[in-house]
Amino acid sequence: MFEQLALHGGSPVRPLLLPYGKQQVEEDDIAAVVEVLRSDWLTVGPTIEAFEEAFAHFVGASYAVAVSSGTAALHAAMHALEIGSGDEVIVSPLTFAASANCIIYQNGTPVFADVEPDTLLLDPHQVEEKLSARTKAIIAVDYAGQPCDYDALKAIARRHGLAVVADACHSVEGRYRGRAVGALGDLNVFSFHPVKHLTTGEGGMVTTNDAELAQRIRMFRNHGVSTDHRQRAAHGSYYYEMVTLGYNYRISDIQCALGLSQLKKLPAFVRRRQELAARYDEAFATLEGIVPVNVRADRVSAYHLYPVRCRLDALDLTRDAMYAALRAENIGVNVHYLPVYLHPYYRRRFNVGPGLCPIAEAAYKRLLTLPLFPRMTDEDLMDVIAAVKKIIRSYR
Ligand SMILES: *Cc1c(COP(=O)(O)O)cnc(C)c1O
């Protein structure tokens, strides 16, 4: 006898929805924010530098520049690399739209290269296929938390005089051939949105070993002005110069206080994600019907996400049916991602459509993201596994 699916009127595996991701903010995080609120500097103050220095040290990069979001960090990276009209930037399609939008902010052209079938990471061979005389940079996305093949990407970049940007919004604390995420690309971009590994509410960071790129990003986040308010205050000077067109992409000291406090817990947060992911892997290893994304032997994933692919051939079940069935069981599944160029804006503006990156498109049709966040309990995990098994049993 099969248990009746919640979708068909049976009782759900759990009474309340388990979200796919959630931040973890504790009393000491709150106290750190309150302390800054009582201080003289709510923004452009010393807590921003303290967060930047701690983050740079944590990831092993020479410089870190904090900005208002991961998207601002990507835009700043494109500006620092002087991407402009006529320039092409190769990017993975299986990502959040911001990874490619940043190219368009600078009037550059995003060129989508397909992903590897097992890891769903930007495929270096596909990158080579998409190179042209106009190519200026590669944006590699560490999908779900696994670092891309940076040695291969950097070898291509070296041969053709390109820059490599790591969109590491999923992968802080990940490792590639023993090296930490944060200095694998020429520029490395992080997000501190609440679903990410550590949060500042909204916020982002760029890390680099290049002093000049770091300085360009510092100016870009502050209207293109060459000195900041606090430097001028220290020298008692009113004079400042705007030397390039920048934006207000500043992060506040209030946010950085939260970030600094969260950073201390980051290793424990990521360890818990890895532990939960290992238990998912174990549960699904012998389960016909879904396949986790492969993590290569030379990588450590930081597991921002735990995506699986539904084996549509093995089951009389579509991804959307599986999604609806899991939702009915109160398992908060999600889908990451619709290939960027299939969004209506991209189709219209770049005259693209299905067929551009077949591996990413085929993956999208089968992908489901299961809940994963540090505070998830072992019981929550067992609920997810039970719901997946219950649905697969009833469709096989
Ligand atoms: C979250 C995310 C971003 C954007 O970060 P925000 O802080 O939300 O602006 C960019 N790229 C990827 C891959 C992301 O997951």
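Selection of the range 180-207 for residues being part of a strand (DSSP E or B), open to solvent by 10 Å² or more (accessible area, probe 1.4 Å) and either within 13 Å of the ligand (Cβ to nearest atom) or free of Cβ contacts under 8 Å to residues at least 24 places away in the same chain (or both) yields only S191. As a summary of the residue check, P117 satisfies the conditions (1) in a strand (DSSP E or B); (2) away from the ligand (no atom under 16 Å from the Cβ); (3) closer than 22 Å to A302 by Cα except for the one numbered (1).
Can you go through R299, R311, R347 and tell me which one is of a type outside the set (S, T, Y), at pLDDT 95 or above and surrounded by fewer than 18 Cβ atoms within 10 Å (Cβ to Cβ)?
Values: R299 fails: surrounded by fewer than 18 Cβ atoms within 10 Å (Cβ to Cβ); R311 fails: at pLDDT 95 or above.
Answer to the selection: R347.
Within the range 233-247, does at least one residue satisfy the condition of being more than 17 Å from P46 (Cα to Cα), modelled with pLDDT of 95 or more and within 16 Å of the ligand (Cβ to nearest atom)? Yes - at least one qualifying residue is present in the range 233-247. Here A140 clears all of (1) more than 16 Å from the ligand (Cβ to nearest atom); (2) open to solvent by less than 30 Å² (accessible area, probe 1.4 Å); (3) of a type in the set (G, A, S) except the condition numbered (1). Checking each residue in the range 208-241 for being surrounded by fewer than 20 Cβ atoms within 10 Å (Cβ to Cβ) and among the polar types (S, T, N, Q) picks out N209, Q215, S226, T227, Q231, S237. The residues in the range 80-97 that are open to solvent by 10 Å² or more (accessible area, probe 1.4 Å) and either within 12 Å of the ligand (Cβ to nearest atom) or among the aromatic types (F, W, Y) (or both) can be counted, and the count is 2. Looking only at the range 362-376, residues that are open to solvent by 50 Å² or more (accessible area, probe 1.4 Å) and over 18 Å from Y143 (Cβ atoms) come to 1 in all. Of everything in the range 34-62, what is open to solvent by 50 Å² or more (accessible area, probe 1.4 Å), more than 23 Å from the chain's Cα centre (by Cα) and touching a residue at least 24 places away in the same chain (Cβ under 8 Å)? Give them in sequence order. Those that are open to solvent by 50 Å² or more (accessible area, probe 1.4 Å), more than 23 Å from the chain's Cα centre (by Cα) and touching a residue at least 24 places away in the same chain (Cβ under 8 Å): E35, L37, S39, W41, L42, T43, P46. Checked across the range 146-167, the condition of being under 30 Å from F269 (Cα atoms), hydroxyl-bearing (S, T, Y), buried (at least 18 other Cβ atoms within 10 Å of the Cβ) and in contact with a Leu (Cβ under 8 Å, 6 or more places away or on another chain) holds for at least one residue.
The values are calculated or read from the model by the stated rules, or taken from the named source; none is laboratory data. In this text, all values refer to a predicted model and were calculated from it rather than measured experimentally. When we count neighbours, we look across all protein chains shown, and the Cβ atoms used for this are built from the backbone with ideal geometry, even at glycine. Remember, those area values only see protein heavy atoms, side chains included, never the ligands or the DNA or RNA. Shrake-Rupley method; radii C 1.70, N 1.55, O 1.52, S 1.80 Å.
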